[in-house]
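Student: Below is a structure I'd like to ask you about.
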Amino acid sequence: MASAPPLETSTFVGHPPPPSYEEALAANPQYPPMPYAPAPDMKTSVPPVPTQLYSPMYPPPPQQGQPATCPVVSVQTMYVQPGLAFESVPVQAHCPVCTQNVITRLEYTSGALAWLSCAGLAIFGCIYGCCLIPFCVDSLKDVTHHCPNCSSVLGVHKRM
Ligand SMILES: [Zn+2]
């Protein structure tokens with residue numbers, strides 16, 4: 001009965017104790033430098049790298065700033081802009097029917113402003129045909145923008 005415990009303990013005791021850290025380093029000379037050397041190097045080298053990368057990258061853009069590039073881009077965006085404003089002059093627009101960029105063709109139609117101008121002239125005494133003058137003035141009429149290719153309506157500019 002007393003033989004079992006001593007055997008077990010003897011087997012545990014018989015095991016060679018794990019080598020200490022100094023012994024392991026001495027047995028494997030390749031390992032010591034690996035854990036120690038990279039750590040300090042990385043700690044010291046990491047901070048300088050970002051600063052060196054950021055500092056050169058930010059200053060050049062302002063110094064090499066090309067004023068010609070920005071205006072060109074903005075002008076192109078204005079032309080491509082789908083929600084462009086249709087005024088009383090032909091504009092470049094994209095026709096969804098024939099899928100082409102075209103210069104709109106204008107068509108003047110008598111709108112609210114023309115009729116109000118006619119009524120105003122009639123009230124002030126222009127009742128002998130003079131009140132019809134607004135219907136002959138394009139600047140008082142609504143403007144409808146048509147596609148020159150397929151004549152589809154691309155936009156309408158109303159005076160009022
Ligand atoms: Zn068209």
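Student: In what order, largest first, do Phe124, Phe86 sit by accessible area if the probe radius is 1.4 Å?
Tutor: Sorted descending by solvent-accessible area, the residues read Phe124, Phe86.
Student: Pop a pseudo-label 7 angstrom from the Cα along the beta-carbon direction at both Glu23 and Leu116 and give the gap in nm to one decimal.
Tutor: Reported label-point gap for Glu23 and Leu116 is 10.3 nm.
Student: Still on this structure, please answer the following. If I ignore ligands, DNA and RNA and count only protein heavy atoms, how much of Leu113 is accessible to a 1.4 Å probe, in Å² to the nearest 10?
Tutor: Answer for Leu113: close to 40 Å² accessible.
Student: Calculate the FRET efficiency for Cys130 and Thr99 from the Cβ-Cβ distance with a Förster distance of 41 Å, rounded to the nearest 0.05.
Tutor: 0.30
Student: Top to bottom by accessible area (1.4 Å), largest first, where do Arg105, Arg159 land?
Tutor: So the residues, ranked largest to smallest area, are Arg105, Arg159.
Student: So what's the convex hull volume per residue for the Cα atoms of the range 88-160, in Å³?
Tutor: Dividing the Cα hull volume of the range 88-160 by its residue count gives 68 Å³.
The values are calculated or read from the model by the stated rules, or taken from the named source; none is laboratory data. Because the structure is predicted, anything quoted here is derived from the model rather than measured. Don't worry about glycine lacking a Cβ; one is built from the backbone with ideal geometry, like all the others, and counts go over all protein chains shown. What goes into the accessible areas is simple: the full protein's heavy atoms, side chains included, and nothing from ligands, DNA or RNA. Shrake-Rupley method; radii C 1.70, N 1.55, O 1.52, S 1.80 Å.
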